[in-house]
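In what follows, a single structure is set out as structure tokens and then discussed.
The values are calculated or read from the model by the stated rules, or taken from the named source; none is laboratory data. In this text, all values refer to a predicted model and were calculated from it rather than measured experimentally. Cβ sites come from the backbone with ideal geometry, for glycine too, and all protein chains shown count toward neighbours. Areas reflect the complete protein model, heavy atoms only, side chains present, ligands, DNA and RNA absent. Shrake-Rupley method; radii C 1.70, N 1.55, O 1.52, S 1.80 Å.
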Amino acid sequence: VERTLSIIKPDATKRNLTGKIVAKFEDAGLRVVASKRIHLSDKQAGAFYAEHSERPFYGELCAFMASEPVVVQVLEGEGAIAKNREVMGATDPAQADAGTIRKEFALSKGENSVHGSDSEASAAREIAFFFSGLELV
Ligand code: ATP
Ligand code: MG
């Protein structure tokens, strides 16, 4: 069964939306198989988002991700990577479909409540970034 890495971002943890967001995943048939709340340093956020280091919003993105605790989770299910991105909706909440997490909860293109891996390769890298083998059953 496929697995993907999800992050509930600072704008959402701050507004106490973790449960409502997890309910969206579960309603879509995704199972939370690992979960923890952490507070990333700027450096850790920078390493996680290294692929975006040349983008103009990189500094802002890293500072935002390190501004408050986040909840990092591994979600499991058939086609979990694509399904999670469907449930999240478009990066920009103004473009997101009705019923998606970003449509309902995101504040802006930057403060958009959730992250989800975008490929099998990034899911493998991102899961290993946050969870050790011992934490994954
Ligand atoms: P994520 O990778 O977080 O799941 P995504 O794949 O939809 O989101 P990316 O293009 O990978 O979007 O961008 C990573 C993150 O960078 C976005 O989720 C958003 O928080 C931030 N971001 C993207 N574009 C902008 C922008 N134009 N201005 C500010 N922040 C942005
Ligand atoms: Mg992305």
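When each of the peptides 72-85, 41-54 is scored by how many other beta carbons lie within 10 Å of its residues on average, the order from highest to lowest is 72-85, 41-54.
State, as an integer percentage, the relative contact order of the chain based on alpha-carbon contacts under 8 Å between residues 6 or more apart.
Working: 239 pairs, mean separation 50.9, N = 137.
With pairs under 8 Å counted, the relative contact order is 37 percent.
Distant-in-sequence amide contacts of Ala90, defined by a placed amide H-H separation under 5 Å and a gap of 5 or more residues or a different chain, comprise Ala96, Asp97.
Applying the Karplus relation 6.51 cos²θ - 1.76 cosθ + 1.60 with θ = phi - 60° to the stretch 105-121 yields 3J(HN,Hα) values of 10, 5, 9, 6, 4, x, 8, 10, 6, 9, 10, x, 3, 10, 6, 4, 5 Hz, where x marks Gly and Pro. Coupling constants for the stretch 52-58 follow from the phi torsions by the Karplus curve (6.51 cos²θ - 1.76 cosθ + 1.60, θ = phi - 60°), and in residue order they are 9, 4, 8, 6, x, 8, 4 Hz; glycine and proline get x. Close amide H pairs (under 5 Å, H built 1.01 Å from N) link Asp118 with Ala123, residues at least 5 positions away or on another chain.
Counting each DSSP H run of 4 or more residues in the chain as -39500 (n - 2.57), what helix-only mean residue ellipticity at 222 nm follows after dividing by all residues, to the nearest 500 deg cm²/dmol? Write out the running numbers ahead of the final one.
Values: 7 runs with 55 residues, N = 137.
It comes out at -10500 deg cm²/dmol, rounded to the nearest 500.
Share of carbon and sulfur in the accessible area of the chain stands at 50%, probe radius 1.4 Å. Centre-to-centre, using Cα atoms only, the stretch 42-71 and the stretch 2-28 are separated by 18 Å. Karplus-based coupling profile of the stretch 11-23, in residue order and whole Hz: 4, 8, 5, 4, 8, 6, 9, 4, x, 5, 6, 4, 4, with θ = phi - 60° in 6.51 cos²θ - 1.76 cosθ + 1.60 and x standing for Gly or Pro.
Under a 5 Å amide H cut-off, with hydrogens placed 1.01 Å from N, Gly79 pairs with Glu2 among residues at least 5 apart or on other chains.
Within a straight-line Cα-Cα reach of under 12 Å, Lys109 can be paired with the following aspartates and glutamates, leaving aside sequence neighbours fewer than 8 residues apart in one chain: Asp11, Glu60, Asp92.
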